[in-house]
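Down below is the structure, laid out as structure tokens.
The values are calculated or read from the model by the stated rules, or taken from the named source; none is laboratory data. No experiment lies behind these values; they were computed from the predicted model shown. FYI the Cβ positions are ideal-geometry reconstructions off the backbone, even for glycines, and counts take in every protein chain you see.
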Amino acid sequence: MSQLGPGPSEQVNFLRKVILTICLVLAVMLSIFASIYRLQKGVDAQNQSTRVMFSVVGRYVEDHDGVWPKSWEDLESLPEIGEWYEPINYELVKAHVVINFDASVEELSKQVPAEFHAIDAINPVFDFAKDPRLDQLIKILAKYQNAE
């Protein structure tokens, strides 16, 4: 007795191959879409700009004995000292980052990183709560509050 078509195991294998191929194609398409989205929205520039501002504001606070900057001009007045993030393109940073220049150092120094939003991305897509630069900034703020 001969079979006229593929057996059940051959059909199952073919179906598995089709499903795996579809999944692979979808994964590649989603990766390409995600990359295009990140480029169009400036996600990487935004995340990097926010991280840079954690460091810059921390340096500003240290250089000014615990005083929070009052404007972008205050930050732009900082001299370059050869940090990894210099020179800073402030026009790019301003397009991606919001800084609350009216923030209270006393209040900010008591916040945990998850609560901190005095420096934030305009369109947040990343949780900065675990960023060591934010943690360092909060420690700098607390140092000046504890010194008073």
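Data for the structure
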read-out	value
Meets criteria (of a type in the set (Lys, Arg), at pLDDT 90 or above and surrounded by 10 or more Cβ atoms within 10 Å (Cβ to Cβ)) for LYS41	no
Test: residue in segment 102-124 that is more than 15 Å from the chain's Cα centre (by Cα), surrounded by 14 or more Cβ atoms within 10 Å (Cβ to Cβ) and under 19 Å from GLU76 (Cβ atoms)	yes
First in segment 62-87 and hydroxyl-bearing (Ser, Thr, Tyr), second anywhere and surrounded by 13 or more Cβ atoms within 10 Å (Cβ to Cβ) and in a loop (DSSP other than H, G, I, E, B), Cβ under 8 Å, 6 or more apart	SER71/PHE101
